[in-house]
Amino acid sequence: MKRFITNNISILGPFIGLIFFSIILGIFSDSFFTFDNLLNLLRQISVNALIAFGMTFVILTAGIDLSVGSILALGSALTAGLLTSGMDPILAIIIGLLIGFVLGAINGLVITKGKVAPFIATLATMTIYRGATLVYTDGRPITGLSDSFSFQMIGKGYVFGIPFPVILMLIAFAILYFILRKTVFGRQVYAIGGNEEAAILSGIKADRVKIWVYSITGMLSVLAGIILTSRLNSAQPTAGSSFELDAIAAVVIGGTSLMGGKGKIVGTLIGALIIGVIDNGLNLLNVSSFYQQIVKGGIILLAVLLDRRSK
């Protein structure tokens with residue numbers, strides 16, 4: 001038991017926080033713990049969780065990706081364009097995911113080969129990708145998308161009463177958990193974040209690992225965008241605005257260190273749940289969105305201060 005607590009100390013705090021916020025909001029709102037609301041809450045967090053999973057890999061390498069919201073918008077807009085041209089929905093979705101992979105790889109190449117700091121590199125690509133989205137869409141939503149079952153299922157479908165976006169989120173979580181905890185690639189991610197120079201000296205190809213990390217993050221961002229596009233049956237040029245902040249917040253609240261090399265994807269899932277619980281509960285209580293931002297910002301600041309203190 002003591003060993004279990006020691007190995008999972010970084011996620012125990014967020015988990016206790018999740019239970020605490022849930023109980024408090026359940027006391028003040030009778031509808032919070034209803035089955036329908038909990039399913040709705042899980043569906044709401046699925047988009048942020050998918051992006052945050054990728055962001056976990058990035059932050060573990062001591063990087064940051066500010067472009068995820070713009071990648072989401074551009075990837076989903078291009079996918080919507082393929083759908084309106086009559087392309088098979090499954091093929092369009094696969095191409096959209098590949099687009100996200102490529103956009104993420106560009107981030108990785110700029111950072112590794114261009115020797116640009118991740119913050120500056122992704123700040124630049126965030127602006128470029130958002131501008132490309134506005135150019136492609138002419139600043140207008142793309143509507144009239146596919147009515148096929150496969151496309152509608154991604155954002156609106158259910159399997160045994162569970163929203164399909166939630167199932168996609170859990171599948172992605174399971175795959176990424178395995179990669180991060182049970183594979184050589186996962187150990188390399190931790191090694192680079194812990195001490196990149198030592199990792200390189202030990203034979204790890206840090207640049208290649210980073211490019212893959214940013215590519216995976218880009219693909220997950222587009223997957224999140226396709227879920228949104230399916231749910232709304234349209235692609236919005238402004239989609240994904242500020243999503244990078246929620247993703248980073250979920251990762252940090254979940255116990256992953258901004259200094260890299262420390263953290264777990266389980267904690268990220270808990271962090272995304274905390275943000276979702278707070279947003280959902282405060283909405284049920286009719287609290288102004290302005291106050292919600294203050295609460296969320298305060299929780300993020302507390303999480304960062306605790307991370308610095310633990311360091």
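The values are calculated or read from the model by the stated rules, or taken from the named source; none is laboratory data. Fair warning: this is a prediction, and the values are worked out from it, not measured in the lab. Here the Cβ is made from the backbone with ideal geometry for all residues, glycine too, and neighbour counts use every protein chain on show. Accessible surface areas use protein heavy atoms only, side chains included; no ligands, DNA or RNA. Shrake-Rupley method; radii C 1.70, N 1.55, O 1.52, S 1.80 Å.
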For Cα extents along the principal axes in Å, the listed values are (1) 68, 49, 34; (2) 55, 54, 36; (3) 71, 67, 35; which was obtained by calculation from the structure presented? (2)
Provide the solvent-accessible area of ILE171, counting protein heavy atoms only and rolling a 1.4 Å probe, rounded to the nearest 10 Å². 90
Pair LEU12, PHE35: separation of 7 Å Cα→Cβ label points (nm): 3.5
Calculate, for ARG231 and VAL304, the FRET efficiency according to 1/(1 + (r/R0)^6) with r their C-beta to C-beta distance and R0 30 Å; round to the nearest 0.05. 0.40
Calculate the length of the line joining the C-alpha centroid of region 8-50 to that of region 260-308, in whole Å. 10
Mean separation of Cα contacts under 8 Å, 6 or more apart, over the residue count of the chain: relative contact order %: 35
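With a 1.4 Å probe and every protein chain left in place, work out the accessible area per residue of the chain in Å², rounded to a whole number.
Numbers: 14590 Å² over 311 residues.
About 47 Å² of surface per residue is accessible.
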Top mean-square fluctuation among GLN152, GLN188, GLN293, Gaussian network model of the chain, C-alpha springs under 10 Å? GLN293
Which helices of the chain meet both criteria: a Cα extent of 27 Å or more along the helical axis and a mean Kyte-Doolittle score no lower than -1.0, with helices taken as whole DSSP H segments? 9-28, 35-60, 89-112, 118-137, 206-232, 265-284, 289-310
With each label point set 7 Å from Cα along the Cα-Cβ vector, what nm distance links LYS113 and ILE23? 5.4
Nearest-0.05 FRET efficiency for VAL135 and ILE175, computed from C-beta distance (R0 30 Å): 0.35
Return the equivalent ellipsoid semi-axes of region 138-202 as a descending list in whole Å, where each equals the square root of 5 times an eigenvalue of the C-alpha gyration tensor. 39, 19, 8
VAL184 versus ASN283, label points 7 Å from Cα toward the beta carbon: distance in nm? 4.5
Which value in deg cm²/dmol, rounded to the nearest 500, describes the helix-derived mean residue ellipticity at 222 nm for the chain, given -39,500 (n - 2.57) per DSSP H run of n ≥ 4 and division by the residue count? -25500 deg cm²/dmol
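Would you mind calculating the gained length between ALA124 and TYR158 on full extension (0.36 nm times residue separation, minus the Cα-Cα distance), in nm to one decimal?
8.4 nm
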Carbon-plus-sulfur fraction of the accessible area of the chain, 1.4 Å probe, in percent? 70
If R₀ is 45 angstrom, what is the calculated FRET efficiency for the pair PHE290 and ALA198, using the beta carbon separation as r and rounding to 0.05? 0.45
